[in-house]
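The values are calculated or read from the model by the stated rules, or taken from the named source; none is laboratory data. What you see is a predicted model; the values in this text were computed from it and never measured. Every residue, glycine as well, gets a Cβ built from its backbone with ideal geometry; the counts of neighbours run over all protein chains shown. Surface areas here come from the heavy atoms of the whole protein model, side chains and all, with no ligands, DNA or RNA. Shrake-Rupley method; radii C 1.70, N 1.55, O 1.52, S 1.80 Å.
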Amino acid sequence: METYNIPFCIDELLDALSNSKDSAVGPDDIHYQMLKHLSSETLNTLLYILNDIWITGNFPSSWHQSYVVLISKPGKDTTNPTNYRPIALTSCVCKIMEHMINNRLVWYLERNKIITPAQSGFRKGRSTTDQLVRLESFVREAFIQKQHVTAIFFDLEKAYDTTWKFGILKDLHDAGLRRPTATFHSRFPLQQEVPSQSWWMLLQTLRTGNWHTSGKHLICYTILSEN
């Protein structure tokens, strides 16, 4: 079995827990603080469960659900549904496992030099500041050599929603990644379906232009289903 596909160890679980930031719970009502204060014996039991999910690919039903909080974009028309930013509150246990898998995936991609050196975002030890410094260097060199610099900036609308899922899976396969890593990624992200009562709440919000409900952000109870 490939190194990146072997069962997780307790150190990987502890690292994911220590680097997780407290956030709202998902439909299973399990908070990060609950997980961080588990006993050693219970943590080993949790690790056993996560490894079983990792090997079999059978996900708990609660991982296919989320609460979606709709937040109005500042200065935008609140009666326009496209001017709301959805925040999905998913299972903290699921996010812990995703963090563990992401650490392995990044390790594999960096170790095999699959990520282009030009990418700075979402990489340890790098940031978008690197790209700003690089652009500034180009501009300064152009001034010195009395040349011109042309820069093109892209802002992709709904980039996450329009991501080509099959293309990502193909890239993972071409990079040499095999199951269960590929199996886990093939199950996420999932489509979102909002029950009729939540649609009614959303329509009421859009009609009145008031994106607060009883002093809180509008919450839609969302069911996630596979493609």
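Computed from the C-beta positions of ASP11 and ALA88 and an R0 of 25 Å, the FRET efficiency is 0.30 to the nearest 0.05. Within region 1-90, all pairs of alpha-carbon atoms sorted by distance into 5 Å bins from zero give the percentages 2, 11, 15, 18, 18, 12, 8, 6, 6, 3, 0. The slack between THR129 and TRP107, meaning 0.36 nm per residue of separation minus the straight C-alpha distance, is 5.7 nm. In region 84-130, what percent of the accessible surface is made up of carbon and sulfur (1.4 Å probe, ligands and nucleic acids excluded)? Here carbon and sulfur together make up 57 percent of the probe-accessible area.
Taking the empirical scaling 2.2 N^0.38 Å for compact globular proteins as reference, region 103-168 has a Cα radius of gyration ratio of 1.49. Largest accessible area first, the residues HIS37, HIS173, HIS148, HIS64 order themselves as HIS148, HIS37, HIS173, HIS64 under a 1.4 Å probe with ligands, DNA and RNA left out. Each of ILE152 and ALA175 was given a label point 7 Å from its Cα along the Cα-to-Cβ line. The distance between the two points is 2.5 nm. Seen through its C-alpha gyration tensor, with square-root eigenvalues sorted a ≥ b ≥ c, region 1-154 comes out oblate because a/c lies at 1.5 or above while a/b is not bigger than b/c. Dividing the convex hull volume of the alpha-carbon atoms in region 9-62 by its residue count gives 84 Å³ per residue.
Rounded to the nearest 0.05, what FRET efficiency is calculated for ILE168 and ILE49 with R0 set to 30 Å and r the Cβ-Cβ distance? About 0.65, to the nearest 0.05.
Per residue, the accessible area of region 39-98 comes to 50 Å², computed with a 1.4 Å probe over protein heavy atoms only.
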